[in-house]
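Shown next, in structure tokens, is the structure this report addresses.
Just so you know, all these numbers are worked out from the coordinates, no wet-lab data involved. Just so it is clear, the model here is predicted, and its values are computed rather than measured. Every residue, glycine as well, gets a Cβ built from its backbone with ideal geometry; the counts of neighbours run over all protein chains shown.
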Amino acid sequence: MSHPSNTRAVRGTILRDGFSFGYSIEGQGPTLLIVGSHVFYPRTFSDRLRNRRRLVFIDHRGFARAERPLEPRDAELVTVIDDIAAICDVLDLGQVDLLGHSGHGYMALEFARRLPERVRKTVLVGTGPSHSAAHMQAGARIWEALAAPERKARLAADLAAMEIHIAVEPERRFIWMCLGMAARSWFDPAYDATALWAGVGVNMPVFDRLWGEVFASYPTRDALAELTRPLLICMGRHDHLVAPIETWLPLLPEGDMPKLALFERSAHTPQLEEAELFDTVLLDFLS
């Protein structure tokens, strides 16, 4: 898998409430806003997509540089939603298509739920229905029953190395955990994602609160019922980080929304693992 490199990107920072939010604007066409890290995520989307969409990558408080001590409100979902709205205003984005990958999918879904006038269409990628014990256990059962012995052995070795790294750099625990879980998060269990994380900083209390608590109790059924804009949920067949695509089915409302897309040769990051197919599915939905 190759990592896109766009030398014509427009990059900058937005100061807000004691944080420096980075952004990167790349490509041409209608705007697709991608919430997460403005450093990590540009490396996972194709140059081909940049020829069809203007990709706007923005930080949230988990990735933005903190210019003051963190406070409990910095790790609340409503704060994240307010930040996204403010950043859209500063960048004068108007109505956007919105994409969130992994835990950032809850940020995208909640933004579309709360501020539907700002969103045209929403895309979740590699996002389970929630991080609740029931949903995570569903994924764990599939891993235990179906994962190949070689993949499980790889995970055990990677987790041992991960613990050493975390002990040395606890402030980067989220990144070391992502790297240590490669066998559960990549179609190729030996894939080394280190380059994707180069230069990415994290605020661990924000991740601990959002990923460990807020997303565990996210009211997904209510959010889907209240959503008024089209939604696409993209999942990799071999994604063992989150609950499998089947766990979405009991939560879906009647009617045409949302749409589901399953990528058979992907795990947690189909936009990189099956870039050509992902682009086709995404652009068809956004068209």
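Between the beta carbons of residue 82 and residue 259, assuming R0 = 25 Å, the FRET efficiency works out to 0.30 to the nearest 0.05.
When the inverse distances between all different Cα atoms of the range 1-158 are averaged and flipped, the Kirkwood radius reads 17.2 angstrom. Taken over the chain, the ratio of Cα radius of gyration to 2.2 N^0.38 Å equals 0.94. Segment residue 152..residue 208, full-extension length gain: 17.6 nm, with 0.36 nm per residue of separation and the alpha-carbon distance subtracted. Residues whose amide H comes within less than 5 Å of that of residue 216, counting only those at least five positions distant or on another chain, are 131 (H built at 1.01 Å from N in the peptide plane). Extension gain, residue 89 to residue 190, is 32.2 nm, computed as 0.36 nm per intervening residue step minus the present C-alpha separation.
Starting from the Cα-Cα distance between residue 68 and residue 48, subtract it from 0.36 nm times their residue separation and give me the gain in nm to one decimal.
Details: separation 20, 0.36 × 20 = 7.20 nm, distance 3.89 nm.
Here the answer is 3.3 nm.
Across every pair of non-identical alpha carbons in the range 16-90, the mean reciprocal distance, once inverted, gives a Kirkwood radius of 13.0 Å. Please list, in chain and number order, the residues 5+ apart from residue 188 or on another chain whose amide H is under 5 Å from its amide H, with Hs placed from the backbone. Correct list: empty.
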